[in-house]
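In what follows, a structure is listed as structure tokens, so that the remarks can point back to it.
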């Protein structure tokens, strides 16, 4: 598979040059191409986008008002080209081809938020400005929040999603918003306002933001889950479950209770390891037989493998398994877990432990040997 960094290639730069030549009188097309392509093959994805951004910075009009006119004229005529299944063909900026422009709006407009933010609003309809808006939340927090508040009901799903995604405290690959990591209260009204958005695209962003918050404020998110699940639609239940995925996997008692998963009185679990010796590359096979007096209790069944570390100790890794109700007070289930090479773990021979976790409570354990 071709590296994704090659999306920013000579062809894309040429089409971008054609777009700005049409949008900007006197645009130095050849200089832009030369600046954008110098050493391009040696650069990674982000470096290529940044180099193109600097090339635009050196060839587009300096006054922000003129720059804004050019950017607006360069955008694809559709306000949702990706939603329409269109691809970048040089008729207007869209998709990743618009990434350097979002960065340039921030680069030039950080100290002019009253001009830059409305421009990002238009660009985000063609390519997300979730990264570009974050410096404004650091430098002009209150003003930017007030602007975002006015976008919650915008007709564009991309603008609405920018409200939730752009304010995520721990957005992957984005500038961390440390103020919201410490205190997410300023962004909670946005998430509540968007929780029942008509677009799953937006609702998943709300869920991801709550999952960010859960890493630092688990009790807060558990309380939100209790509140939002009351009388919730199917779509909202799905949102809250996705928002609480980290807490559910960790067996957080308050979060499990919000979904109705409580410790089941009198529950027993018989665990059988069917492959007590596992050769690396093969599967650990096991089954469980669960019984309880409550014949229809809801159960969330997870399992943890306590992997041997280099120092001889062990560290658990939790895996999701089943979400069900006991049938006539019982549940039988089988599982195959293939132990194969992955980039995030190095394996070591020795005695490993398998642990069964039901509704956040450890209910059974057994050992198996791993041979490399």
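What follows is calculated from the coordinates using simple rules that are stated; it is not laboratory data. As the structure is a computational prediction, the values presented were derived from the model and not from experiment. Cβ sites come from the backbone with ideal geometry, for glycine too, and all protein chains shown count toward neighbours.
Against the chain, whose longest principal axis comes from its Cα atoms, helix 99-109 is set at around 70 degrees. Estimated from the Cβ-Cβ distance and a Förster radius of 22 angstrom, the FRET efficiency linking residue 327 and residue 263 is about 0.70.
The mean sequence distance of close C-alpha pairs (under 8 Å, at least 6 residues apart), as a share of the length of the chain, puts its relative contact order at 9 percent.
The modelled label-to-label distance for the pair residue 77/residue 345, using points 7 Å beyond Cα in the direction of Cβ, is 5.4 nm.
Each of 347, 303 was scored by other Cβ atoms within 10 Å of its Cβ. Arranged with the fewest first, they read 347, 303.
Along the Cα-to-Cβ line of residue 5, 7 Å from the Cα, sits a label point; which residues in the range 46-69 have backbone N less than 11 Å from it? Residues 46-49 fall inside that zone. Inter-part distance, the range 56-108 to the range 187-223, computed on C-alpha centroids, equals 30 Å. In degrees, nearest 10, range 0 to 90: what is the angle between the Cα axis of helix 10-23 and the longest Cα principal axis of the chain? With rounding to tens, the tilt is 50 degrees.
Full extension of the segment from residue 64 to residue 371, taken as 0.36 nm per residue of separation minus the current Cα-Cα distance, would add 104.1 nm. Working from label points 7 Å from Cα in the Cα-to-Cβ sense, the residue 111 to residue 152 distance is 3.3 nm.
Spatial offset of the range 315-341 relative to the range 273-311 amounts to 6 Å, using the alpha carbon center of each.
Computed from the mean reciprocal separation of all distinct C-alpha pairs, what Kirkwood hydrodynamic radius does the range 137-234 have, in Å?
It is 13.7 Å.
Decide, for the range 225-280, between rounded, prolate and oblate: order the square roots of the alpha carbon gyration tensor eigenvalues as a ≥ b ≥ c, take rounded if a/c falls under 1.5, and otherwise choose prolate if a/b is larger than b/c, else oblate. Since a/c reaches 1.5 and a/b is larger than b/c, the shape of the range 225-280 is classed as prolate. For the range 252-294, the alpha-carbon coordinates run over 40, 23, 10 Å along the three principal axes, in decreasing order. Annotation: extensible slack from residue 311 through residue 283 equals 7.7 nm (criterion: 0.36 nm per residue apart, minus Cα-Cα distance). Within the chain, DSSP assigns beta bridges of which about 90% are antiparallel (rounded to the nearest 5). Ranked for footprinting exposure by Cβ neighbours inside 10 Å, fewest first, 1, 220 give 1, 220.
For the range 268-371, the alpha carbon positions stretch 43, 22, 20 Å along the principal axes, listed from largest to smallest. Axis angle, to the nearest 10 degrees, between helix 45-57 and the longest C-alpha principal axis of the chain: 20 degrees.
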